[in-house]
Amino acid sequence: MPGETTGQRRQLVTDSTFSSRDMSGLRIGGLQPSVWVERMNTLAALVASIGQCWVCGPTVGALHQWDGFILEPPFHIVVQRGRAIHRMHHFIHTSSWLPGIHRETLLGLPVMSPTRTLMDLAPQLGHDQLVRAI
C-alpha cells in the first residue's frame, strides 16, 4: 500500500493480512505476493511442527532477500544435534554449535544470523554468489 515502509510490508506478508491487490506491482524476493505468502505460511507451519528450530541456509538467504536466493521448498531448518527430526521434502540439519549470537528472529521466524548463514553457505557457494550475498 502506498506510504508503507518495506518493514511494514514484510510484516503484512508475515501476518498474511494482505492480498495481491494490496501490493499491486510489488515483487517480494522475486516472487508475487500471493506466492510469497503461500511459501511463508508453509515455512511457518514447518517451523511450528518441529518446535525448537531455526531456519537456516539458502532459506534464510531468501528471507533476507539476498541476490540469487529464492524462497522455495525444500526449506532448510537446523535443530540441536541429538534430535531425530524428519520432514519429507525438506532438509533438517543438526548442529551441536548454536550459540545465541548466531540466532535471531526475522519476519516472525526463528532464524540463523546472517553471519552464521554466510559461514555455513560459503563452502557451497561460488565466489560470485558469495560476494553478492555479502
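Scanning the range 59-80 for residues being over 16 Å from Pro33 (Cα atoms) and in contact with a Phe, Trp or Tyr (Cβ under 9 Å, 6 or more places away or on another chain) gives a total of 9.
For the range 105-134, the set of residues classified as open to solvent by 70 Å² or more (accessible area, probe 1.4 Å) and either over 16 Å from Ala48 (Cβ atoms) or in contact with a helix residue (DSSP H, G or I) (Cβ under 8 Å, 6 or more places away or on another chain) (or both) consists of Thr115, Met119, Pro123, Gln124, His127, Asp128, Val131, Arg132, Ile134, listed by residue number.
Filtered by the rule that a residue be open to solvent by 40 Å² or more (accessible area, probe 1.4 Å) and either under 14 Å from Arg116 (Cβ atoms) or of a type in the set (Lys, Arg) (or both), the range 77-87 gives Arg81, Arg83, Arg87.
Taking the criterion of being part of a helix (DSSP H, G or I) and either in contact (Cβ under 8 Å) with a residue 12 or more places away in the chain or in contact with a Lys or Arg (Cβ under 9 Å, 6 or more places away or on another chain) (or both), the residues of the range 117-134 that qualify are Thr117, Leu118, Asp120, Leu121, Gln129, Leu130, Arg132, Ala133.
Trp97 meets each of the listed conditions (1) buried (at least 19 other Cβ atoms within 10 Å of the Cβ); (2) out of contact with any Phe, Trp or Tyr (no Cβ under 8 Å at 6 or more places or on another chain); (3) hydrophobic (A, V, I, L, M, F, W, C); (4) over 24 Å from Val131 (Cα atoms) apart from (1).
Count of the range 95-114 residues, restricted to those that are more than 22 Å from Met40 (Cα to Cα) and touching a residue at least 12 places away in the same chain (Cβ under 8 Å), is 4. Of the residues that sit in the range 56-76 and are aromatic (Phe, Trp, Tyr) and either assigned to a helix (DSSP H, G or I) or open to solvent by less than 30 Å² (accessible area, probe 1.4 Å) (or both), which one is modelled with the lowest pLDDT? Ranking the qualifying residues of the range 56-76, first place goes to Phe69.
The values are calculated or read from the model by the stated rules, or taken from the named source; none is laboratory data. Since the structure is predicted, the reported quantities are computational estimates derived from the model, not experimental observations. Reconstructed Cβ throughout: ideal geometry from the backbone, glycine too, with neighbour counts over all protein chains shown. For accessibility, only protein heavy atoms count, side chains too; no ligands or nucleic acids. Shrake-Rupley method; radii C 1.70, N 1.55, O 1.52, S 1.80 Å.
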